[in-house]
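S.K.: Can you keep this structure in mind? I'll have questions shortly.
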Amino acid sequence: MATAIVGILVLVALFFALKGVVKHWRGESSCCGGGDIKVPKKKLTGTIVETKIVDIEGMTCGHCKARVEQALDTIDGAAAEVNLHRNHAVVKMTREVSDDEIRRALAGSGYTITGIHIKG
């Protein structure tokens, strides 16, 4: 009986692992693979008028970090630096950038913004 229970648990674990691998191969997971990727840092010209902390779920590796930084760097007048250990991005701005603008930059990326606040 114990062997059957262990066997079922192993099959369930295998099912979820395989499901995750298939999702990953299809590009449906937030992390599409890779290790540390070197992305040129966006340089801002002008005075930094505001800095926001964007709390983000779903980042797991250097590739996730690069994707989020690239997405946030598309915002005119903003440059981002992600901290994977703290699960957030520090976004420095040379103009006032709305929270909605930040949310739109990451929309559809597979990452979830859980909060945005002004760095104090």
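The values are calculated or read from the model by the stated rules, or taken from the named source; none is laboratory data. The structure displayed is predicted, hence computed values, not measured ones. Cβ placement follows ideal geometry from the backbone for every residue including glycine, while neighbour counts extend to all protein chains displayed. To get the accessible areas, we keep the full protein, side chains included, count just its heavy atoms, and leave off ligands, DNA and RNA. Shrake-Rupley method; radii C 1.70, N 1.55, O 1.52, S 1.80 Å.
S.K.: Got a sec to turn the phi values of region 57-73 into Karplus ³J(HN,Hα) couplings, 6.51 cos²θ - 1.76 cosθ + 1.60 with θ = phi - 60°, whole Hz, x for Gly and Pro?
M.R.: With the stated coefficients, region 57-73 comes to 9, x, 7, 10, 8, x, 5, 4, 4, 5, 4, 5, 4, 4, 5, 6, 5 Hz.
S.K.: Ignoring ligands, DNA and RNA, what percent of the accessible area of the chain is carbon or sulfur (1.4 Å)? Present the calculation step by step, with values, prior to reporting the outcome.
M.R.: On the way: 4500 of 7840 Å².
About 57 percent, which is the carbon plus sulfur part of the accessible surface.
S.K.: Given bins 10 angstrom wide, list per bin the percent of all Cα-Cα distances in the chain, short to long.
M.R.: 13, 37, 25, 12, 8, 4, 1, 0
S.K.: Relative contact order for the chain: what percent, with Cα pairs under 8 Å and sequence separation of 6 or more?
M.R.: Across the chain, relative contact order equals 29 percent.
S.K.: Same structure again: Give the Rg (one decimal place) followed by the Dmax (whole number) of region 50-118, computed from C-alpha coordinates and expressed in Å.
M.R.: 10.5, 30
S.K.: Additional query: Suppose each label sits 7 Å from its Cα in the direction of the beta carbon; what would the residue 103-residue 18 distance come out to in nanometres?
M.R.: Between residue 103 and residue 18, the label points sit 3.9 nm apart.
S.K.: For region 50-118, what does the accessible surface come to per residue with a 1.4 Å probe? Please give it in Å². Working shown, then result.
M.R.: Values: 3310 Å² over 69 residues.
I get 48 Å² per residue for this part.
S.K.: Rounded to the nearest 0.05, what FRET efficiency do residue 39 and residue 4 have when you use their Cβ-Cβ distance and R0 = 35 Å?
M.R.: That pair, residue 39 with residue 4, gives E of 0.10.
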